[in-house]
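The values are calculated or read from the model by the stated rules, or taken from the named source; none is laboratory data. Just so you know, these numbers come straight off a predicted model, no measurement behind them. So basically every Cβ, Gly included, is an ideal-geometry build from the backbone, and we count neighbours across all protein chains shown. Surface accessibility is based on the protein's heavy atoms, side chains included, excluding ligands, DNA and RNA. Shrake-Rupley method; radii C 1.70, N 1.55, O 1.52, S 1.80 Å.
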Amino acid sequence: MLNIWQQCERIWINARLATMDPQIPGPYGILEQGAIGIRKGRIQALTPMAQLDLDALPAQLSDAQGGWLTPGLIDSHTHLVYGGQRSAEFTQRLAGESYAEIARAGGGILATVAATRALSQQQLTDLARPRLAALVAEGVTTVEIKSGYGLSIADELKMLRAARSLGDELPVRIRTTLLAAHAIPPEYRSESDAYVALICDELLPQVVAEGLAEAMDVFCEEIAFSPAQTERLLEAAKMHGLGIKLHAEQLSNSGASLLGASYGAWSVDHLEHLDAAAIAALKQAGTVATLLPGAFYFLHETRLPPIERLREQQVQMALATDLNPGSSPLASLRLMMNMGCVLFGLSPAEALAGVTRHAACALGLGDQIGILAPGYRADMLLWDIDHPDQLAAEVGTFAPHQRIFGGEICHV
Ligand code: DI6
Ligand code: FE
C-alpha cells in the first residue's frame, strides 16, 4: 500500500513553511526545512525534510530552494464590482466636506448606484476584472465580493452574477455576499421599511434559489439601516441559511456588532466605534472583527478601532481592502497588511493571520482555507524572501515567486 507521501501528486521540498496553523507554536506556525505534499487539490501532509524518504517518492517534486511558503491571501471584504468612479468626491473631501455630508447630498454610494444600474452584467464584469487581477497578482487566492450598488432586484442580481462569473475567468475563489441593504434606494427614500421588506420577501428568496450568495451583509448606520431593520434582515438571512456579515460601528456606535454576535455573524467589519461590551460578545460568539485600514486612511479618520482590547480578548482580527470606489479605491491587500501595522498597531504576524486564517473564518471557510495543514485546500504562495515579516513591511517591492491555486501552479 502507498504511504501518504506516495499518494501525493506533487510535493514541494526544501521550503520554509509559515503554516499560520495555531497548533504549531510561534506567531507564524513555522516549520523550517519542510516538505508539503498535495493530493486532489488539497494538502495531504507536511513534515520536516529530515523525515522524508526522497527515494521512495513517485510524485513530482518542486524544489522551493529555501523559499517561504504561506497560505494564499484572502480578501474577505470587497465591493469590487461597480460602475463609474468618484474622484470628484475625493477632491471635495480634500476641501473639507465629510463622507456623510456627501452621502446625504445624494453623492457617495448613490452616485455609484446610478452608474452601476446603467451598465450590463458584461460591462460590470469587464470593469471589475482588472481590479480583481491586481489582487490576484499580489497573491490573493480567495476574494469576497459584495453587491450593494444595484439596490433593485434586477440590479442586485446582475451584480452578483457579474461577481460570480469572474471566478470562471481567473484562478481565484469568489465568495459573494448580498448587500442589498447598503443604502436606501432613491425610489424608497421615505419608506425604507418597504425596501427592507422587498429584500426579505422577494430578493433574498431569488438569490438563494439561484445560489448567488453565501452571505448577507447590512450597512447598519445612521445614514443607512437602523438596528431594527438590520435585525429583520438578519432574521431573514438566517432563515434562508446564509452566513451573516455586517458593516458595523464605522461612523458611530449603533450596536450592530452586538446584534451581529447574537446572530452568530461570521464577521463584523470596520469597528472604529466598537465598545467593550460588544468585544466580549464577539469573543463569545466566535465572530471575526474585520479591520479595514484602507477606509480609515482614505477617509482620514482619527478614531482607531480598539485593537488592544480585541487582542486582549483574543477576538480574531481579519484585514481586508474594502475595495470600493468611495471610501477605499485601493486594490492591494499587501498595502492593507502594511497599514494594519502602521496605522492600527498590528504585528506583521497578526497582519498575515488577518489575511489568511482569520479572513477564512470571516467567510465561514475556517475549515477549508487559510492555513497550511492536512485537509486544507492547497492555495499557497511561494515567496523569495528572507522572513515573513517582509510581507507586511514592504509594499510593491516583490510579488509571489509562485502562485499555487488548488494544488496547481498558475502563471498570472
Ligand atoms: N462602508 C464603506 O466603507 C463602503 N460601504 C460601506 O457601507 C463604502 C461604499 C462607498 O462609498 O461606495
Ligand atoms: Fe465595505
Exercise. Among (1) in contact (Cβ under 8 Å) with a residue 40 or more places away in the chain; (2) away from ligand 2 (no atom under 16 Å from the Cβ); (3) more than 20 Å from the chain's Cα centre (by Cα); (4) assigned to a loop (DSSP other than H, G, I, E, B), where does S190 come up short?
Worked result: (1)
For this session: Report yes if some residue within segment 298-319 is within 12 Å of ligand 2 (Cβ to nearest atom), open to solvent by 10 Å² or more (accessible area, probe 1.4 Å) and at pLDDT 95 or above; otherwise report no.
Result: yes
For this session: Being in the same structural domain as S262 (by TED's automatic domain parsing), within 13 Å of ligand 1 (Cβ to nearest atom) and without any contact (Cβ under 8 Å) to a residue 40 or more places away in the chain narrows it down to one of E312, E301, so name that one.
Result: E301
Problem set entry | Only listed residue being of a type in the set (G, A, S), open to solvent by less than 10 Å² (accessible area, probe 1.4 Å) and within 16 Å of ligand 2 (Cβ to nearest atom), chosen from A180, A213, A237 | A180
Seminar exercise, completed: Conditions (1) under 30 Å from S347 (Cα atoms); (2) part of a helix (DSSP H, G or I) -> A100 fails only (1)
Exercise. Quick one: is I145 open to solvent by 10 Å² or more (accessible area, probe 1.4 Å), assigned to a strand (DSSP E or B), under 30 Å from E394 (Cα atoms) and of a type outside the set (D, E)?
Worked result: no
For this session: Kindly check whether there is at least one residue in segment 275-289 that is under 27 Å from R131 (Cα atoms), of a type outside the set (K, R) and either without any contact (Cβ under 8 Å) to a residue 12 or more places away in the chain or within 16 Å of ligand 1 (Cβ to nearest atom) (or both).
Result: yes
Seminar exercise, completed: The number of residues in segment 320-331 that are assigned to a strand (DSSP E or B) and either open to solvent by 70 Å² or more (accessible area, probe 1.4 Å) or of a type in the set (A, V, I, L, M) (or both) is 1
